[in-house]
Amino acid sequence: MRAAVTYGPRDTRVELVPEPSPASGEVVVEVEACGICGGDYSRHQAEIERSDRLQKPVISGHEVAGTVIKCGLESEGLPIGSRVAVSPNQPCRRCPICRKGNTHLCPNRGAGELSTGGGFAEQIRVLSEQCYFLPEAVSLVEATVVEPLACCLHSMSRISVKQGESVAIIGGGVNAQLFVQLAQLSGARQVILIDSLDSRLRMAMALGADEVIDISSGELEGVHRAFPGGADVVINTRGAAEYTRHAIELCAVGGRILFYGVARVGETVPIEPHLIWRKEIQLVGGRSFNTTFGAALSLISSRRVHVGSLVTRSVNLEGYAEIVALPARGHIKTVVVPQQANKEEQRPQDRNSG
Ligand SMILES: [Zn+2]
Ligand SMILES: [Zn+2]
């Protein structure tokens, strides 16, 4: 089969690799679509990459949707032909962290790719328990957003937005757009998204933000005007250190800040502990997901959360190898469709498609 194999930063090649065959308890899924995550892009930027990640070539891709084409022994209940979304977490279930129930933080799981080979390939091999049946109403492209939504849901449970609270969301990427919808579902009285790209701000309004603030000029006045007393909850989807300082300033007395965007390893930021003490701010990290994959899928199938319009571009494996080293600023979400004839296709923005 064909797969996009990453050897190092800016070095991804489409190659023929052996077809996977399922061991006991496993299935092989033909990949119909696999979302490109922020981590997949950053893996290609040598300067922010820990050197240990690329010691051996990897097939990345952990936002997989497809069809079961081979079943190993003891994978009953998942017949050939099943349309599935694949939960990527493969914890060891033996380490002390797993045994405390934090399987999503298991140090022995792959860093952003499945240990059995990721979804930027024609086929993947996974445990049958990683597969979730897709209802008819959910398309395979929509199903690639189940994983990021599961991550957002997990973080929402950690930051617990209460009815009547105000929520500021920093950043306008796919996760931020999902947080807009989840914050509204939580009963927030005011949900405001802050970004510098017009297309992202318009998307947020279409998905239910009460207001958006354009910070392309570098001016934060609009933010302070929108939140005179600060925001009860600040969701920071941007990793860059400067946003951490903004988040602490923006947070209301008694508020919480979610650290969701991935900061660079080793990067530090000067903060004023006095502010955290005086305002009694809670700093909360949110990473990956533990038990929310099924809930994310049901929010998509019930149309409580709209994800179709977030996928703005699709590429094939060759297209992926070319674009993954480039910044994707103009796009909310790109998916890899291995069987697509064209290297790159824009997806129509249909706001009603869900
Ligand atoms: Zn992801
Ligand atoms: Zn573990």
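The values are calculated or read from the model by the stated rules, or taken from the named source; none is laboratory data. Just so it is clear, the structure is predicted and the values come from calculations on it, not from any experiment. Counting neighbours? That spans all protein chains shown, and the Cβs are built from the backbone with ideal geometry, glycine included.
Considering only residues that are of a type outside the set (S, T, N, Q), away from ligand 2 (no atom under 16 Å from the Cβ) and over 30 Å from V284 (Cα atoms), which ones fall in the range 125-171?
Hits for the range 125-171 are R125, V126, F133, L134, P135, E136, A137, V138, L140, V141.
Going by the structure shown, is R53 at pLDDT 80 or above and either in a loop (DSSP other than H, G, I, E, B) or more than 16 Å from ligand 2 (Cβ to nearest atom) (or both)? Break it down stepwise before answering.
Numbers: at pLDDT 80 or above: no; either in a loop (DSSP other than H, G, I, E, B) or more than 16 Å from ligand 2 (Cβ to nearest atom) (or both): yes.
Spelling it out, it is not the case that R53 is at pLDDT 80 or above and either in a loop (DSSP other than H, G, I, E, B) or more than 16 Å from ligand 2 (Cβ to nearest atom) (or both).
What helices (runs of 4 or more DSSP H) lie completely within the range 111-229 and have 2 or more residues being modelled with pLDDT of 95 or more?
140-143, 146-159, 174-185, 198-206
Go through the range 310-342 and give me each residue that's closer than 12 Å to T144 by Cβ and either of a type in the set (A, V, I, L, M, F, W, C) or more than 20 Å from the chain's Cα centre (by Cα) (or both).
Of everything in the range 310-342, those that are closer than 12 Å to T144 by Cβ and either of a type in the set (A, V, I, L, M, F, W, C) or more than 20 Å from the chain's Cα centre (by Cα) (or both) turn out to be L310, V311, V335, V336, V337.
Among all residue pairs at least 6 apart or on different chains, which show Cβ distances below 6 Å where the first residue, located in the range 134-150, is within 14 Å of V305 (Cβ to Cβ) and the second is at pLDDT below 95 and away from ligand 2 (no atom under 16 Å from the Cβ)?
E142/G308
Tally up the residues in the range 62-102 that are part of a strand (DSSP E or B) and within 11 Å of ligand 2 (Cβ to nearest atom), please.
Summing the residues that are part of a strand (DSSP E or B) and within 11 Å of ligand 2 (Cβ to nearest atom) in the range 62-102 gives 0.
Could you check the range 76-98 and list, in sequence order, the residues that are at pLDDT below 95 and in contact with a Gly (Cβ under 7 Å, 6 or more places away or on another chain)?
Q90
Hey, among the residues in the range 137-165 that are out of contact with any helix residue (DSSP H, G or I) (no Cβ under 9 Å at 6 or more places or on another chain) and away from ligand 1 (no atom under 16 Å from the Cβ), which one's farthest from E211 (Cα to Cα)?
Taking the candidates together, the pick is L140.
Anything in the range 190-234 that is among the small types (G, A, S) and over 15 Å from S309 (Cβ atoms)? List them, or say none.
Going residue by residue through the range 190-234, those that are among the small types (G, A, S) are 196, 199, 204, 206, 208-209, 216-218, 222, 226, 229-231.
The answer is S196, S216, S217, G218, G222, A226, G229, G230, A231.
All but one of (1) in contact with a helix residue (DSSP H, G or I) (Cβ under 8 Å, 6 or more places away or on another chain); (2) more than 15 Å from Y320 (Cβ to Cβ); (3) hydroxyl-bearing (S, T, Y) hold for S21; which doesn't?
S21 satisfies every listed condition except (1).
So I80 clears everything in (1) closer than 23 Å to S298 by Cβ; (2) among the aliphatic types (A, V, I, L, M); (3) away from ligand 1 (no atom under 16 Å from the Cβ) except one condition, right? Which one?
Checking I80 against (1) closer than 23 Å to S298 by Cβ; (2) among the aliphatic types (A, V, I, L, M); (3) away from ligand 1 (no atom under 16 Å from the Cβ), the one that fails is (1).
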